Amino acid sequence: MARKKELSNNERAQYFLKVLVERYIRDGEPVGSRTLAKDSGLDLSPATIRNVMSDLEDMGLVESPHTSAGRVPTISGYRMFVDSLVTLKPPGKGEMAALQRQFAGEGDPKALAESASQLLSGFTHMAGVVMVPGRSHIMFRQIEFLPLSGNRVLTILVTKDGEVHNRIIEPKKHYTASELEQAANLLNQYYAGASLEEMHKRLVKEMEEARDSMNQIMARALEMAETVIDSSDEQDDFIMAGQTNLMDFDELAQMDRLRKLFDSFTEKQRLLHLLDGSLQAQGMQVFIGEESGYQPLDHCSLITSPYEVDDQLAGVLGVIGPTRMAYDRVIPIVDVTAKLLGAALKQQ
């Protein structure tokens, strides 16, 4: 916090940090005093600029690579830039039209997630990643429970858009066919048209307010709903497109870094955990380098945004690329894509 306050009191240093980061993002080469003097448009001597750069280095916002007299941003420098200095560039009319066309056709949630990941990859030339919407966020029209052997139950779930999903669940105790029918009738009568998550919340609330004679049936319906939601969440996954784009960036092209990065995409679990954390935090998130806490992404930045369906969080999407990415352009594209995906899912 002290670092940010110190920089905000020095408009000249703040301005030169912005110019340096933008130049380094564009060219990928350490930025020297003469280049800064030219880019800044200010009538300052190289010595004055070197003093400002020295101050920024003392603050830990820039550093000098051993092989160059120029300077590059540190993770803290990028963070300052993203939080306070970046000038966002929303997509133009042509880009917006192209973005909207990507979601014009019909498709199931997974197909729409694939379209979003390809869109993010295509527009940023980096890796696009989209969490597939969890079934807990999808509206259901009808549910039916059929008893199988042991405690197992066949769940037949018909969604609002007419999709039929069959899944075998295993409640904690055995239910008769009559009890399963009662639970299904209750859910269909009072909660059809709601999402599984909304149904769960309403059931819990209404159980607390219900008469004792109703509690047994509602408790049975609640347990069945929880089992369906739990088994649905196990299917949550993410779709990624454009991983090979990352090979085009010199800072990621070292074979050791690439191997760790691609292994992390295959392993998935830790990256899913990171995406889930982004969803829980809500709002747009920018993880720069080591900030993600996930070692394979130490030389990358991850920009994420949640997407909503009917004002409920449904998932998160984002872009993975080098720390030297065009934040001014990528942040708005991630934001717009999240809104378009949410709108497309709502129409299903």
ask   = Does any residue in the range 267-292 that is closer than 29 Å to Leu61 by Cα come within less than 6 Å, Cβ to Cβ, of a residue that is among the charged types (D, E, K, R) and assigned to a helix (DSSP H, G or I) six or more places away or on a different chain, and which pairs are these?
value = Ile288/Arg79
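Okay, residues lined up against (1) touching a strand residue (DSSP E or B) at 6+ places or on another chain (Cβ under 7 Å); (2) closer than 27 Å to Leu274 by Cα:
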| residue | (1), (2) |
| --- | --- |
| Glu57 | yes, no |
| Gly60 | no, yes |
| Ala98 | no, no |
| Ala111 | no, yes |
| Met126 | yes, yes |
inquiry  = Please pick out the residue among Ile217, Ile138 that is β-branched (Val, Ile, Thr), closer than 24 Å to Leu313 by Cβ and at pLDDT below 70.
reply    = Ile138
request  = Answer yes or no: is there a residue in the range 172-179 that is among the small types (Gly, Ala, Ser), open to solvent by 50 Å² or more (accessible area, probe 1.4 Å) and modelled with pLDDT of 80 or more.
outcome  = yes
Filter result (under 15 Å from Phe81 (Cβ atoms) and either modelled with pLDDT under 80 or outside any helix (DSSP H, G or I) (or both)) within the range 11-38 = Val31
remark   = Expected single match for at pLDDT below 75 and among the hydroxyl-bearing types (Ser, Thr, Tyr) among Ser264, Ser231, Ser278 is Ser231
request  = May I ask you to list the residues in the range 80-106 that are in a loop (DSSP other than H, G, I, E, B), open to solvent by 40 Å² or more (accessible area, probe 1.4 Å) and in contact with a helix residue (DSSP H, G or I) (Cβ under 7 Å, 6 or more places away or on another chain)?
outcome  = Thr87, Leu88, Lys89, Pro90
remark   = Here the qualifying pairs (Cβ atoms under 6 Å; residues six or more apart or on different chains; first in the range 54-79 and part of a loop (DSSP other than H, G, I, E, B); second open to solvent by 50 Å² or more (accessible area, probe 1.4 Å)) come out as Met59/Arg3; Thr74/Glu63
request  = Could you check how many residues of the range 42-74 are touching a Gly at 6+ places or on another chain (Cβ under 7 Å) and buried (at least 16 other Cβ atoms within 10 Å of the Cβ)?
outcome  = 4
request  = Kindly provide the set of residues from the range 297-347 that are open to solvent by 10 Å² or more (accessible area, probe 1.4 Å), out of contact with any helix residue (DSSP H, G or I) (no Cβ under 7 Å at 6 or more places or on another chain) and over 19 Å from His125 (Cα atoms), ordered by number.
outcome  = Asp311, Lys339, Ala343, Lys346, Gln347
query = Which of the residues spanning the range 282-292 are open to solvent by less than 60 Å² (accessible area, probe 1.4 Å) and either at pLDDT below 90 or of a type outside the set (A, V, I, L, M) (or both)?
reply = Gly283, Gln285, Phe287, Gly289, Ser292
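The values are calculated or read from the model by the stated rules, or taken from the named source; none is laboratory data. Bear in mind that the values here come from a model prediction, so they are computed numbers and not experimental data. Methodologically, a virtual Cβ is constructed for each residue, glycine included, from the backbone with ideal geometry; neighbour enumeration extends over all protein chains shown. Areas reflect the complete protein model, heavy atoms only, side chains present, ligands, DNA and RNA absent. Shrake-Rupley method; radii C 1.70, N 1.55, O 1.52, S 1.80 Å.
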